[in-house]
Amino acid sequence: MAKNVPQIPAIGAAALALCMFAGTASAQSQGVTRAGSVTGTIGDTAYEGSIPMPNPPNADLFDGAHYTVAMEGSNLSLRVKILAIGQNETIRNSPTGYYGNNAVQLDLVFEFTQDGRDAISADNIVSSSVTFIEAWASRVPSPALQYQTMFSQPAVSVDTFNWSEDGIEISGSVSGEACLYVYDIDERGDRVNAQARVMGETFCPEINLDFSALATEEHM
């Protein structure tokens, strides 16, 4: 992703972001802080997750919420990724980021003109997806079973969007249908997916989630 993009004017202050997320932050034994949240329902199950961040900040791991910016034709493309781990689950990490049971990842891609970045809203979203991993085995980089909104883009609303030198403060909600997929490795080592069936039934629970995060620029 391109890093040399026009300077974004400071809209919010660091103190505002810290106050917003202080209530959800808690120190973790492996040097990780939880900051921001994803909550709601997945099917009939209530979900409560929070976003892991390295503490102290370092270059070894992605922040649980981060963004990248690149040119897309004559416009700019902004990708925001938000990863939450279940509130009562152990946060584990790898060289490329965090993982753990009851993980939810939101992927939001916005496109906008260079002079329109101060008024970004849900109207600028060109793609969105949600992935839910209920059981993420230790040392497995990619679990075999994943709930995903693979072929049905979820609806997204954005309540807060402030872009400053501290990052992107974003909150909103996402809703849609996430189906269970199974991922296999073929003889060439490629990962292939197919919709999972158990006793002839597919599983596509409704998702309704609220999110709140401070996404920092990807540093890896």
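The values are calculated or read from the model by the stated rules, or taken from the named source; none is laboratory data. This one's a predicted model, so the numbers in the text were calculated from it and none came from an experiment. For neighbour counting, all protein chains shown are included, and Cβ atoms are generated from backbone atoms with ideal geometry for every residue, glycine included. SASA here: full protein model, heavy atoms, side chains in, ligands and nucleic acids out. Shrake-Rupley method; radii C 1.70, N 1.55, O 1.52, S 1.80 Å.
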What number of residues within the stretch 134-169 satisfy the criterion of being among the small types (Gly, Ala, Ser) and more than 30 Å from Arg191 (Cβ to Cβ)?
-> 3
Across the stretch 45-79, what is the number of residues that are within 21 Å of Thr160 (Cβ to Cβ) and open to solvent by 70 Å² or more (accessible area, probe 1.4 Å)?
-> 2
Residue in the stretch 37-44 that is in contact (Cβ under 8 Å) with a residue 24 or more places away in the chain, open to solvent by 60 Å² or more (accessible area, probe 1.4 Å) and within 23 Å of Ala178 (Cβ to Cβ) present | yes
Would you call Pro154 of a type outside the set (Val, Ile, Thr) and open to solvent by 50 Å² or more (accessible area, probe 1.4 Å)?
-> no
Restricting attention to the stretch 157-167, which residues are open to solvent by 30 Å² or more (accessible area, probe 1.4 Å), touching a strand residue (DSSP E or B) at 6+ places or on another chain (Cβ under 6 Å) and in contact (Cβ under 8 Å) with a residue 60 or more places away in the chain?
-> Asn162
Within the group Ile125, Ile82, Ile133, which residue is modelled with pLDDT of 90 or more, crowded, with 18+ Cβ neighbours inside 10 Å and more than 19 Å from Gly64 (Cα to Cα)?
-> Ile125
Could you tell me whether the stretch 186-203 includes any residue that is surrounded by 15 or more Cβ atoms within 10 Å (Cβ to Cβ) and not in a loop (DSSP other than H, G, I, E, B)?
-> no
From the set of residues in the stretch 105-122 that are in a strand (DSSP E or B) and either of a type in the set (D, E, K, R) or more than 24 Å from Pro52 (Cα to Cα) (or both), which is most open to solvent (accessible area, probe 1.4 Å)?
-> Glu111
Expected output for the stretch 126-148 (first residue closer than 19 Å to Gly43 by Cβ, partner open to solvent by less than 70 Å² (accessible area, probe 1.4 Å) and basic (Lys, Arg), Cβ below 9 Å, 6+ apart or cross-chain) is Trp136/Arg92
